[in-house]
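Below: the structure, in structure tokens.
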Amino acid sequence: MSEVELSRERAEDVLFRAGYWLLFALIMLPIVVVFVTSFQRGQYLTFPPHGFSLQWYRQFFASAEWLSAVRDSVVIGVGASVLSTVLGVMGSLAVQRSDSTLARVLPPIILLPLLLPPVVIGLTLLIYFNRIGFTNTYLNIIVAHTLWATPLVFFVMQSVFARFDWDLRDAGMDLGARPSRVFYHVVLPNVRGGVLISAVVAFIVSLQEFIMAMFLKSYGVQTVPVLAWTSLQSSLTPLVSVVSTFLVAVSIIGVLVSAALMNMEWLAERL
Amino acid sequence: MAGSESMFAWLGERIKGRDSRNVFLIAPLAAFELAFFVIPFLILVRMSLNASAQAGPYQPGFTLGAYRAVFASDLYRQLVAFSFELGVAATVISVFLALFYAYAAYRADGLRKSLLLFSIILPLLTTLVVKTYAWRPLLAPRGVLNDVLLGLGVIGSPIQFAPGIVGTVIGQVYIVFPYAVLSIYSVLSTMDWDTVEAARDLGASRPRSFLEVVVPEALPGIAVATVVSFAWSVGAYAAPSQLGSGAQTTFAMEIESLMLTQFDYPTGAALSLLMLAAMLVVSLGVLRLLTGSIGGVEGV
């Protein structure tokens with residue numbers, strides 16, 4: 001290789017690296033803004049801040065409205081996580097070993113809600129729940145979030161089950177064990193990590209979603225992101241940064257737990 | 001009747017047979033999707049055929065009035081046009097950047113790879129509220145970006161990036177970027193690096209080997225990234241309401257206002273269905289253009 005080519009390659013390398021680290025910095029920037037401004041002093045959110053204090057954290061923990069939103073978010077998140085994990089794992093297990101019409105038609109239908117604007121799903125469910133008189137806000141939002149979380153669980157489990165050695169299950173069956181026992185003792189221990197990751201991702205997706213939750217909220221029940229959104233309509237308050245810091249922290253913990261169970265690459269290829 | 005008897009026999013066989021477990025496993029999911037997705041959409045279609053009412057959300061009836069109102073209104077035409085413009089702009093920018101970033105993540109290893117992938121997964125799992133409002137102090141007329149540009153002497157007086165079109169596009173690109181990166185990355189991660197090495201050994205420069213070997217390999221991922229980014233950007237709500245001015249009103253914002261403030265259900269339903277139809281046509285067109293066939297969306 002000539003001298004000129006070598007130096008051109010080196011220049012390309014530098015450009016390439018500078019390019020993706022710049023993007024990396026831009027991606028992380030809003031998260032840094034959120035974190036830093038949650039510790040700021042003063043009424044109006046400013047970045048970089050002019051002073052630091054814990055006043056907004058104190059205000060958060062003293063606010064009955066915010067704490068009740070946290071409770072609502074947790075109830076809905078756990079509900080959506082449990083429901084979508086059960087539906088998704090069972091459905092995925094069925095589709096895995098079946099070639100019935102239903103098993104072929106179902107996956108694209110499950111996927112569809114992820115591709116529709118959340119505003120449209122929100123409006124569709126709002127009209128539907130009003131029509132059939134199903135007005136338990138918790139259940140309404142759990143259903144909406146389950147529509148989104150189920151495809152994630154379903155497709156993560158598809159790839160987990162694809163790696164599972166089905167001969168093991170058949171061996172269990174041949175030895176005369178009931179299907180439920182085979183599932184519990186043979187299948188589950190092998191796919192436990194995948195199920196756990198699915199449940200964590202489903203919880204986080206529900207916790208962070210706000211558009212459907214906004215359509216379906218009621219006076220008594222609203223989630224944390226919805227309340228954050230409503231407060232932002234009146235003013236850009238650092239209190240929202242406190243809440244956002246908590247929301248981001250939950251996601252970071254979720255990602256780290258999942259990465260520890262599998263690894264970051266595995267997660268990136270399946271989400 | 002013989003017909004129903006044989007049907008029961010068939011059902012019995014099914015339930016006793018190998019597939020029986022599968023039927024019971026899949027039934028709850030199928031019932032859920034039917035009850036909370038398929039039927040609600042049929043009700044939405046029915047709702048769009050009711051008449052708007054002065055008092056209450058709708059007047060039961062059977063009319064195309066809501067559709068006529070949407071087509072006749074200049075306001076709605078502008079909203080839809082703007083939503084599509086935003087969709088195209090955000091999609092082009094994010095797919096282009098995502099191809100680069102996904103390739104960087106594919107090539108990296110060790111800690112660097114984990115960091116790059118972490119930076120994609122974290123925003124993916126962060127609420128839209130955080131992803132949009134955090135740009136406001138950065139893009140405001142007296143914000144960080146203006147300070148930097150003024151300090152460098154690039155501009156003479158502050159520019160209002162947000163609220164405005166620049167802020168809206170940046171916010172929307174930021175929202176869809178992680179999805180676009182992952183769609184491309186999941187395809188790239190199955191690519192054999194030796195193919196690229198071979199092209200280079202045969203004398204292809206690195207940019208050329210990227211364009212002629214990597215990009216064609218990544219095409220299915222690029223197609224999925226395009227469709228996902230486009231679908232989400234046409235339906236943009238959070239970015240334009242948080243980072244746009246009045247001129248950046250999208251159809252999703254109008255639907256929110258129709259449903260939650262004006263209580264006009266039929267018009268909201270008609271507007272959504274027309275928008276979905278338009279999105280479907282454009283998405284299928286893009287897929288056909290990029291992959292030469294329809295299908296392949298299923299692997300997202």
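The values are calculated or read from the model by the stated rules, or taken from the named source; none is laboratory data. Please read these numbers as outputs of a predicted model, since none were measured by experiment. Positions of Cβ are generated from backbone atoms using ideal geometry, with glycine treated the same way; all protein chains shown enter the neighbour counts. Protein only, heavy atoms only, side chains kept; ligands, DNA and RNA dropped before computing areas. Shrake-Rupley method; radii C 1.70, N 1.55, O 1.52, S 1.80 Å.
State which residue is farthest from A:GLN96 (Cα to Cα) when the search covers only the stretch A:187-200 and only residues that are open to solvent by less than 50 Å² (accessible area, probe 1.4 Å) and modelled with pLDDT of 80 or more.
Taking the stretch A:187-200 first, the residues open to solvent by less than 50 Å² (accessible area, probe 1.4 Å) are A:187-188, A:191, A:193-195, A:197-200.
Keeping just the survivors that are modelled with pLDDT of 80 or more gives A:191, A:193-195, A:197-200.
Working: A:VAL191: 14, A:GLY193: 18, A:GLY194: 15, A:VAL195: 15, A:ILE197: 19, A:SER198: 17, A:ALA199: 19, A:VAL200: 22 Å.
Among those that are open to solvent by less than 50 Å² (accessible area, probe 1.4 Å) and modelled with pLDDT of 80 or more, it is A:VAL200.
Is at least one residue of the stretch B:229-237 open to solvent by 10 Å² or more (accessible area, probe 1.4 Å) and more than 12 Å from chain A (Cβ to nearest Cβ)?
No, the stretch B:229-237 has no match at all.
With respect to A:ASN130, is the statement that it is touching a residue at least 24 places away in the same chain (Cβ under 8 Å) and either surrounded by fewer than 22 Cβ atoms within 10 Å (Cβ to Cβ) or in contact with a Phe, Trp or Tyr (Cβ under 6 Å, 6 or more places away or on another chain) (or both) true? Explain how you work it out, then say what you get.
On the way: touching a residue at least 24 places away in the same chain (Cβ under 8 Å): no; either surrounded by fewer than 22 Cβ atoms within 10 Å (Cβ to Cβ) or in contact with a Phe, Trp or Tyr (Cβ under 6 Å, 6 or more places away or on another chain) (or both): yes.
Taking the combined requirement at face value, the residue does not satisfy it.
Please enumerate the residues belonging to the stretch B:245-277 that are more than 19 Å from A:GLY122 (Cα to Cα) and either at pLDDT 85 or above or of a type in the set (Ser, Thr, Tyr) (or both). Break it down stepwise before answering.
Narrowing the stretch B:245-277 to residues more than 19 Å from A:GLY122 (Cα to Cα): B:245-248.
Correct list: B:SER245, B:GLN248.
Which one of A:ALA25, A:ALA11, A:ALA94, A:ALA18 is without any contact (Cβ under 8 Å) to a residue 40 or more places away in the chain, more than 21 Å from A:VAL226 (Cβ to Cβ) and crowded, with 16+ Cβ neighbours inside 10 Å? If you could, list the steps in order and put the result at the bottom.
Values: A:ALA25 fails: crowded, with 16+ Cβ neighbours inside 10 Å; A:ALA11 fails: crowded, with 16+ Cβ neighbours inside 10 Å; A:ALA18 fails: crowded, with 16+ Cβ neighbours inside 10 Å.
Sole residue among the options that is without any contact (Cβ under 8 Å) to a residue 40 or more places away in the chain, more than 21 Å from A:VAL226 (Cβ to Cβ) and crowded, with 16+ Cβ neighbours inside 10 Å: A:ALA94.
Picking from B:ALA162, B:ALA89, B:ALA81, B:ALA102, which residue would you name as being part of a helix (DSSP H, G or I) and within 12 Å of chain A (Cβ to nearest Cβ)?
Details: B:ALA162 fails: part of a helix (DSSP H, G or I); B:ALA89 fails: within 12 Å of chain A (Cβ to nearest Cβ); B:ALA81 fails: within 12 Å of chain A (Cβ to nearest Cβ).
Unique residue meeting the criteria: B:ALA102.
Of the residues B:SER245, B:SER209, B:SER189, which single one is surrounded by fewer than 18 Cβ atoms within 10 Å (Cβ to Cβ), more than 11 Å from every other protein chain (Cβ to nearest Cβ) and more than 15 Å from B:PHE84 (Cβ to Cβ)?
Values: B:SER209 fails: surrounded by fewer than 18 Cβ atoms within 10 Å (Cβ to Cβ); B:SER189 fails: more than 11 Å from every other protein chain (Cβ to nearest Cβ).
Only one candidate qualifies: B:SER245.
Given B:LEU243, B:LEU211, B:LEU202, which one is within 29 Å of the chain's Cα centre (by Cα) and over 30 Å from B:SER257 (Cβ atoms)? Talk me through it step by step, then tell me what you get.
Numbers: B:LEU243 fails: over 30 Å from B:SER257 (Cβ atoms); B:LEU202 fails: within 29 Å of the chain's Cα centre (by Cα).
When all the criteria are applied, what remains is B:LEU211.
Does the stretch B:290-300 contain any residue that is within 9 Å of another protein chain (Cβ to nearest Cβ), out of contact with any Leu (no Cβ under 9 Å at 6 or more places or on another chain), open to solvent by 40 Å² or more (accessible area, probe 1.4 Å) and modelled with pLDDT under 85? Spell out the reasoning first.
Step one: list which residues in the stretch B:290-300 are within 9 Å of another protein chain (Cβ to nearest Cβ), which gives B:297-300.
Next cut, out of contact with any Leu (no Cβ under 9 Å at 6 or more places or on another chain) only: B:299.
Filter again for open to solvent by 40 Å² or more (accessible area, probe 1.4 Å), leaving B:299.
Next cut, modelled with pLDDT under 85 only: B:299.
Checked the stretch B:290-300: at least one residue is within 9 Å of another protein chain (Cβ to nearest Cβ), out of contact with any Leu (no Cβ under 9 Å at 6 or more places or on another chain), open to solvent by 40 Å² or more (accessible area, probe 1.4 Å) and modelled with pLDDT under 85.
Got a sec? Which helices (runs of 4 or more DSSP H) wholly within the stretch B:18-74 have at least 1 residues that are in contact (Cβ under 8 Å) with a residue 12 or more places away in the chain?
It comes to B:39-48, B:65-72.
Kindly check whether there is at least one residue in the stretch A:42-64 that is at pLDDT 90 or above and in contact with a His (Cβ under 9 Å, 6 or more places away or on another chain).
Checked against the condition, which is being at pLDDT 90 or above and in contact with a His (Cβ under 9 Å, 6 or more places away or on another chain), the stretch A:42-64 yields no hits at all.
Do you know which of the residues in the stretch A:145-184 that are within 12 Å of chain B (Cβ to nearest Cβ) and more than 30 Å from the chain's Cα centre (by Cα) is surrounded by the fewest Cβ atoms within 10 Å (Cβ to Cβ)?
Top of the filtered list is A:ARG178.
Being open to solvent by 40 Å² or more (accessible area, probe 1.4 Å) and more than 10 Å from every other protein chain (Cβ to nearest Cβ) is the requirement here; does B:VAL282 meet it? Steps first, answer last, please.
Working: open to solvent by 40 Å² or more (accessible area, probe 1.4 Å): yes; more than 10 Å from every other protein chain (Cβ to nearest Cβ): yes.
Yes; evaluated as a whole, the condition is true for this residue.
Anything in the stretch B:244-270 that is within 24 Å of B:ALA51 (Cβ to Cβ), in contact (Cβ under 8 Å) with a residue 40 or more places away in the chain and hydroxyl-bearing (Ser, Thr, Tyr)? List them, or say none.
Passing the criteria: B:TYR265, B:THR267.
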